[in-house]
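*Asks:* Quick one: the structure is below, questions incoming.
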Amino acid sequence: MEIKRIGITGNIGSGKSLVCKIFNHLGINTFYSDEETKMLYLLPEIRKQIVDYFKDEVYFHDGSLNRKLLSYHLFQNPKALQFIETILYPKLNETFDRWCKRQNSDFVLFESAILFEKKFESQFDKIIFVSAPENVRLQRAMLRDNCNEENVRSRMRLQWDEETKIQKSDFVITNDGKQMLFPQVVEIWKELQNNDNL
């Protein structure tokens with residue numbers, strides 16, 4: 001039987017990673033799309049296409065990616081962003097497919113902050129959304145990334161609002177610091193384990 005693929009998403013500072021860790025304790029592994037994408041930039045065939053498009057300046061002499069400069073290019077030029085997504089996303093899907101074949105649980109998680117924005121949702125059997133109030137997310141992100149409020153808000157503006165994402169999700173986990181996370185995750189875990197109709 002093919003493994004069930006569950007997308008997990010949430011806006012900046014929502015606590016997606018913490019929820020994924022709880023699932024991990026329950027035996028469910030997570031494919032972290034951001035981390036995997038960072039690795040793709042180092043593949044020779046990807047690097048060559050990026051260098052040809054942007055020239056050498058987007059990589060340092062040691063071969064690592066100049067993320068700050070690349071981000072600047074992508075923010076300034078929508079065509080550059082489209083180019084990057086065109087070469088990265090098919091490769092990301094291939095990597096996820098191979099990763100899924102190595103798993104032996106009933107389902108796996110694919111973690112992405114931009115799952116809806118990039119229209120990835122059709123690839124998954126179910127979607128989990130991690131929700132938190134904006135002020136809570138703002139404080140968490142500032143503390144985690146050691147940055148100021150405007151920096152976080154500029155990233156928040158690139159994401160869809162929570163209400164839209166909640167309406168498009170199958171499960172919602174509230175991570176507001178008041179409700180306990182573990183019971184919410186366990187309830188979803190049980191439902192996904194028992195649901196043969198995914």
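*Asks:* Looking only at the range 44-65, which residues are surrounded by 14 or more Cβ atoms within 10 Å (Cβ to Cβ) and farther than 30 Å from residue 15 by Cβ?
*Replies:* Result: 46, 47, 49, 50, 53, 54, 58, 59.
*Asks:* Answer yes or no: is there a residue in the range 88-97 that is out of contact with any strand residue (DSSP E or B) (no Cβ under 9 Å at 6 or more places or on another chain), closer than 29 Å to residue 24 by Cβ and of a type in the set (Ser, Thr, Tyr).
*Replies:* Yes, that holds for at least one residue.
*Asks:* Turning to a different aspect of this structure: Residue by residue through the range 106-157, note down the ones that are farther than 16 Å from residue 192 by Cβ and acidic (Asp, Glu).
*Replies:* 117, 121, 134, 145, 149, 150
*Asks:* With 94, 57, 45 as the choices, which residue is within 19 Å of the chain's Cα centre (by Cα) and not assigned by TED's automatic domain parsing to the domain that holds residue 135?
*Replies:* Criteria check complete, one pass: 94.
*Asks:* If you scan the range 137-146, which residues turn out to be surrounded by 13 or more Cβ atoms within 10 Å (Cβ to Cβ) and touching a residue at least 60 places away in the same chain (Cβ under 8 Å)?
*Replies:* Correct list: 137, 138, 139, 140, 141.
*Asks:* What are the residues in the range 86-117 that are loosely packed, with under 14 Cβ neighbours inside 10 Å and more than 27 Å from residue 191 (Cβ to Cβ), if any?
*Replies:* 86, 90, 94, 98
*Asks:* While we're looking at this one, here's another question. Please find, within the range 23-43, the residue that is surrounded by the most Cβ atoms within 10 Å (Cβ to Cβ) out of those that are among the polar types (S, T, N, Q) and closer than 18 Å to residue 102 by Cα.
*Replies:* Here the answer is 33.
*Asks:* Still on this model: Criterion first (closer than 16 Å to residue 15 by Cα, surrounded by fewer than 16 Cβ atoms within 10 Å (Cβ to Cβ), modelled with pLDDT of 90 or more and touching a Ser or Thr at 6+ places or on another chain (Cβ under 9 Å)) does residue 173 satisfy it?
*Replies:* no
*Asks:* Oh, and also: How about the range 4-97: which helices (runs of 4 or more DSSP H) wholly inside it have at least 3 residues that are closer than 26 Å to residue 154 by Cα and out of contact with any Ser or Thr (no Cβ under 6 Å at 6 or more places or on another chain)?
*Replies:* Because the criterion is at least 3 residues that are closer than 26 Å to residue 154 by Cα and out of contact with any Ser or Thr (no Cβ under 6 Å at 6 or more places or on another chain), the helices (runs of 4 or more DSSP H) in the range 4-97 that meet it are 16-25, 33-40, 67-76.
Residues are listed down the side, and each one gets a yes or a no for (1) among the hydrophobic types (A, V, I, L, M, F, W, C); (2) farther than 16 Å from residue 124 by Cβ; (3) touching a Gly at 6+ places or on another chain (Cβ under 8 Å):
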{"position": "57", "(1), (2), (3)": "no, yes, no"}
{"position": "60", "(1), (2), (3)": "yes, yes, no"}
{"position": "64", "(1), (2), (3)": "no, yes, no"}
{"position": "68", "(1), (2), (3)": "no, yes, no"}
{"position": "74", "(1), (2), (3)": "yes, yes, no"}
{"position": "78", "(1), (2), (3)": "no, yes, no"}
{"position": "96", "(1), (2), (3)": "yes, no, no"}
{"position": "105", "(1), (2), (3)": "no, no, yes"}
{"position": "110", "(1), (2), (3)": "yes, no, yes"}
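*Asks:* Could you identify the single residue in 149, 111, 187, 163 that is among the acidic types (Asp, Glu) and in contact (Cβ under 8 Å) with a residue 12 or more places away in the chain?
*Replies:* Result: 111 is the single residue among 149, 111, 187, 163 that is among the acidic types (Asp, Glu) and in contact (Cβ under 8 Å) with a residue 12 or more places away in the chain.
*Asks:* May I ask you to say which residue of 134, 121 is under 14 Å from the mean Cα position of the chain (by Cα) and in contact (Cβ under 8 Å) with a residue 12 or more places away in the chain?
*Replies:* From the options 134, 121, the qualifying one is 121.
*Asks:* Need a quick list: helices (runs of 4 or more DSSP H) entirely within the range 118-198 having at least 1 residues that are farther than 21 Å from residue 26 by Cα and not charged (D, E, K, R).
*Replies:* Correct list: 134-145, 149-156, 162-168.
*Asks:* Here's a follow-up. What is the number of the single condition among (1) touching a strand residue (DSSP E or B) at 6+ places or on another chain (Cβ under 6 Å); (2) more than 20 Å from residue 36 (Cα to Cα) that residue 141 does not meet?
*Replies:* Here residue 141 meets the rest and fails (1).
The values are calculated or read from the model by the stated rules, or taken from the named source; none is laboratory data. Since the model is a prediction, treat every value here as computed from it, not as a measurement. Neighbour counts run over all protein chains shown; Cβ positions are idealised from the backbone, glycine included.
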